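Below: one structure, written as structure tokens.
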Amino acid sequence: MSMMKGRVFEKVGVHTSTVFGEFAPEFRSQIPGASEDPRFWASGISLIAHMQNPHVPAVHMNTRMVVTTRWWFGGGADLTPMLEARRTQSDPDTVAFHEAMRAACAPHAVADYARFKAWCDEYFYLPHRKEMRGIGGIFYDYLSPSEEEGGWESAFAFTQDVGRAFRDIYPELVRRNWEKPWTETEREEQLVRRGRYVEFNLLYDRGTVFGLKTGGNVDSILSSMPPVVKWP
């Protein structure tokens with residue numbers, strides 16, 4: 001785990017993890033292949049960024065591979081603008097982020113951008129608020145192509161391109177916004193919006209549940225929580 005803080009990053013966590021063990025009995029039926037054999041191996045990278053400037057969107061990226069009696073890849077990236085005025089599909093940051101994710105999918109037959117984009121919208125949704133956490137991105141799971149479809153190599157190549165696309169686009173969005181002046185009203189809006197982030201991660205995020213139920217490092221798992229947040 002690496003934590004970064006400063007005048008640009010209020011709190012950014014970058015994690016790489018490789019874990020193995022056995023799923024608890026009550027959890028096995030929820031994981032493909034674990035009912036037959038509870039042993040698992042999983043490896044991945046995740047990044048969560050909460051920025052100082054309310055004009056800079058928060059972001060999350062995760063890619064992973066999981067092995068039980070089966071194997072699959074999963075992951076994606078999604079953007080969360082802090083200010084209501086920026087939370088539109090026509091905002092330049094939104095357009096650029098979606099285009100980067102689309103471009104990551106385009107060369108790969110195993111990647112269905114339209115499906116992964118819709119999956120992201122559905123997954124990062126707060127039912128109790130009746131709103132999305134952010135403006136979307138892509139999300140995929142259980143990606144396990146047959147040998148005819150390219151097998152492990154094709155899934156891994158696509159997953160690598162998701163990471164590369166994120167590496168290129170998010171720093172660009174930060175550079176566009178981090179020097180813009182902001183007001184106390186916008187800071188308040190940022191802190192309230194972060195509350196939605198907390199609600200999703202604690203109530204609905206499967207990665208949080210997976211980490212806690214497999215005996216992961218609690219500090220690392222909960223490092224996605226923003227450093228300052230308000231519920232007015």
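The values are calculated or read from the model by the stated rules, or taken from the named source; none is laboratory data. As the structure is a prediction and not an experimental result, all values here were calculated from the model. Every residue, glycine as well, gets a Cβ built from its backbone with ideal geometry; the counts of neighbours run over all protein chains shown. To get the accessible areas, we keep the full protein, side chains included, count just its heavy atoms, and leave off ligands, DNA and RNA. Shrake-Rupley method; radii C 1.70, N 1.55, O 1.52, S 1.80 Å.
Looking only at region 166-178, which residues are touching a residue at least 24 places away in the same chain (Cβ under 8 Å) and either exposed (fewer than 14 other Cβ atoms within 10 Å of the Cβ) or among the aliphatic types (A, V, I, L, M) (or both)?
Let us first name the residues in region 166-178 that are touching a residue at least 24 places away in the same chain (Cβ under 8 Å), namely 166, 168-170, 172-174, 176-178.
Across region 166-178, the qualifying residues are D168, I169, E172, L173, V174.
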If a residue must be assigned to a loop (DSSP other than H, G, I, E, B) and open to solvent by less than 50 Å² (accessible area, probe 1.4 Å), how many such residues does region 91-108 contain? 2
For region 73-90, enumerate the residues that are surrounded by 23 or more Cβ atoms within 10 Å (Cβ to Cβ) and assigned to a loop (DSSP other than H, G, I, E, B). P81, M82
Given the conditions (1) closer than 28 Å to T94 by Cα; (2) of a type in the set (D, E); (3) out of contact with any helix residue (DSSP H, G or I) (no Cβ under 6 Å at 6 or more places or on another chain), which single one is not true for D78? (3)
Are there any pairs, at least 6 apart or on different chains, whose C-beta atoms fall under 6 Å, with the first in region 102-120 and without any contact (Cβ under 8 Å) to a residue 60 or more places away in the chain and within 15 Å of F156 (Cα to Cα) and the second among the polar types (S, T, N, Q) and open to solvent by less than 50 Å² (accessible area, probe 1.4 Å), and if so, which? V110/S154
List the number of the failed condition for R70; all other conditions in (1) under 20 Å from A157 (Cβ atoms); (2) crowded, with 16+ Cβ neighbours inside 10 Å; (3) in contact (Cβ under 8 Å) with a residue 40 or more places away in the chain hold. (2)
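Hey, among the residues in region 109-144 that are in a strand (DSSP E or B) and open to solvent by 30 Å² or more (accessible area, probe 1.4 Å), which one's nearest to T208 (Cα to Cα)? Before the answer, list the steps.
Of all residues in region 109-144, those in a strand (DSSP E or B) come to 125-126, 131-132, 136-143.
The next check asks that each one be open to solvent by 30 Å² or more (accessible area, probe 1.4 Å); those that pass are 125, 131-132, 142.
Working: Y125: 16, E131: 20, M132: 18, Y142: 17 Å.
The extreme case among them is Y125.
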Residues in region 1-15 that are modelled with pLDDT of 85 or more and either of a type in the set (A, V, I, L, M, F, W, C) or exposed (fewer than 12 other Cβ atoms within 10 Å of the Cβ) (or both) total 6
Scan region 1-58 residue by residue and report those that are in a loop (DSSP other than H, G, I, E, B), closer than 17 Å to N177 by Cβ and within 18 Å of the chain's Cα centre (by Cα). V56, P57
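The rows are residues; the columns are (1) farther than 28 Å from P232 by Cβ; (2) in contact with a strand residue (DSSP E or B) (Cβ under 9 Å, 6 or more places away or on another chain).
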position: D112; (1), (2): yes, yes
position: G136; (1), (2): no, yes
position: G150; (1), (2): yes, no
position: E186; (1), (2): no, no
For region 23-45, enumerate the residues that are open to solvent by 100 Å² or more (accessible area, probe 1.4 Å) and at pLDDT below 90. E26, Q30
Out of G163, G207, report the one residue that is small (G, A, S), more than 30 Å from K230 (Cα to Cα) and either surrounded by 15 or more Cβ atoms within 10 Å (Cβ to Cβ) or in contact with a Gly (Cβ under 8 Å, 6 or more places away or on another chain) (or both). G163
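From the residues in region 210-232 that are closer than 14 Å to V19 by Cα and among the small types (G, A, S), which one is least open to solvent (accessible area, probe 1.4 Å)?
As a first pass, look at region 210-232 and keep what is closer than 14 Å to V19 by Cα: 210-218, 220-221.
Checking the rest, the ones that are also among the small types (G, A, S) come to 211, 215-216, 220.
Values: G211: 11, G215: 68, G216: 30, S220: 31 Å².
For region 210-232, the residue satisfying everything is G211.
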